[in-house]
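Just below is one structure, and these are the notes that go with it.
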Amino acid sequence: MHVIVPGHARSQPLERSDVLGLYWLVEPAPDLGRLLRLSRDSAGRDRLLSDDEARVAEAERRAAEAKARAVEAEARAVEAEGRRIAEARVRELEAELARRSKG
């Protein structure tokens with residue numbers, strides 16, 4: 001990323017780099033003023049991430065996957081418990097039917 005001079009309005013269309021096949025984007029940066037970034041789309045919504053941003057995004061993705069796995073495991077446990085209870089009830093009813101048939 002490069003520090004650039006102020007004066008570039010965000011409302012201006014993004015310039016495309018024919019060499020990179022990407023678009024130049026000026027973004028505000030709290031500590032530096034403005035930064036020159038690259039985007040995959042002309043609207044600037046799909047910008048390339050810095051190394052730090054990529055690390056944070058990867059950590060967030062992994063955390064979300066771990067949470068999803070935990071939710072799935074809990075759902076499987078609940079389902080297994082429900083099945084166990086239902087099977088126990090079926091056995092009780094079968095035993096009662098067997099008693100009534102004999103009696």
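Observations, loosely collected:
- Computed [θ] at 222 nm, deg cm²/dmol, the chain (DSSP H ≥ 4; -39,500 (n - 2.57); rounded to nearest 500): -19000 deg cm²/dmol
- The orientation-averaged shadow of the Cα convex hull for the chain, equal to a quarter of the hull surface, comes to 11.9 nm².
- Angle of helix 51-102 to the longest C-alpha principal axis of the chain, folded into 0 to 90 degrees and rounded to 10: 10°.
- Among VAL19, VAL90, the ranking by other beta carbons within 10 Å of each residue's beta carbon, starting with the fewest, stands as VAL19, VAL90.
Every read-out reported here was derived from the displayed coordinates using simple, explicitly stated rules and does not represent laboratory data. No experiment lies behind these values; they were computed from the predicted model shown. Cβ sites come from the backbone with ideal geometry, for glycine too, and all protein chains shown count toward neighbours.
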